[in-house]
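Colleague: Mind having a look at this structure? Questions to follow.
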Amino acid sequence: MENIYEIITNIINNAGTFRIIVNCLLIIVESIIPPLPLAVFITVLFVNYGPLLGFLISWLFTIIGCIVSFYMFQTLFKNLVDKYLRKYSVSNKFITAIDNITFSNLVLILSIPFTPAFLVNIAAGISKIDIKKFLPAIIIGKIPLVLFWGFVGTSLIESLKDPTKLIVIVVLIIVTNIISRIVNKKLDLN
């Protein structure tokens, strides 16, 4: 992981005055191309711009990336899924489960740092989830995810050495879940 971190850091830092733009574009592209390491992009922003600005930039562009991915799969593949995959009972059960996911569960899935976000974006895009439900879920759910990767960095081993950081993230996920339930009740998103 250190090699990936060094390579990406070199690419971003060699972009000169455009490094923040390169970093932000990489975050957006990561929402569509899963092998790119979001953790590294967020960590670089936290290191280069500090925790507050690094968080805000990472959070905003992670949300933008999720929206781009959501709309891309909704416009390009949703009709194909509806036409072909919903015919088969196994795939229909899976897609129906995604269609009916509660707002709170969607927020919870989005807030867990090790959830492959691109899969959530794809699943939401090809399902019947409305942007009115998806957008507030990513706005709330991405807060603990970005904080986790920003403060913990790219190495799980390092995070396990300091259990207080993991405890803070677990508390943030619980608080996020509570907030999502309150928003769900206020906006009636299920």
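The values are calculated or read from the model by the stated rules, or taken from the named source; none is laboratory data. Here the structure is a predicted model, which is why all the values come from computation and not from measurement. Heads up, the Cβs are rebuilt from the backbone with ideal geometry, glycines too, and the neighbour counts pull from every protein chain shown. Ligands, DNA and RNA are stripped out before the accessible areas are found, and what is left, the full protein with its side chains, is counted by its heavy atoms. Shrake-Rupley method; radii C 1.70, N 1.55, O 1.52, S 1.80 Å.
Colleague: Of all residues being modelled with pLDDT of 85 or more and out of contact with any Lys or Arg (no Cβ under 8 Å at 6 or more places or on another chain) in the stretch 92-111, which is most open to solvent (accessible area, probe 1.4 Å)? Just the residue, please.
Modeller: Per the criteria, the residue is N100.
Colleague: I32: in contact with a Phe, Trp or Tyr (Cβ under 8 Å, 6 or more places away or on another chain), at pLDDT below 85 and open to solvent by 50 Å² or more (accessible area, probe 1.4 Å), yes or no?
Modeller: yes
Colleague: What pairs come out if I take residues in the stretch 19-33 that are among the small types (G, A, S) and pair them with residues that are open to solvent by 40 Å² or more (accessible area, probe 1.4 Å) whose C-beta lies under 7 Å away, six or more apart or interchain?
Modeller: Partner pairs satisfying both residue conditions: S31/V68; S31/F118.
Colleague: Among the residues of the stretch 46-81, write down those that are modelled with pLDDT under 85, of a type outside the set (D, E, K, R) and at negative phi.
Modeller: F46, V47, N48, Y49, P51, F77, N79, L80, V81
Colleague: Still on this structure, I have one more. Any idea which of (1) assigned to a helix (DSSP H, G or I); (2) under 23 Å from L147 (Cβ atoms) is the one L36 doesn't satisfy?
Modeller: All conditions are met except number (1).
Colleague: While we're looking at this one, here's another question. Which one of these is polar (S, T, N, Q), open to solvent by 60 Å² or more (accessible area, probe 1.4 Å) and out of contact with any Phe, Trp or Tyr (no Cβ under 6 Å at 6 or more places or on another chain): T62, T43, T75?
Modeller: Just a single option satisfies the conditions, and that option is T75.
Colleague: Quick one: F118 ticks every box in (1) within 24 Å of S180 (Cα to Cα); (2) of a type outside the set (V, I, T); (3) open to solvent by 60 Å² or more (accessible area, probe 1.4 Å) except a single one, so which number is it?
Modeller: It is condition (3) that F118 fails.
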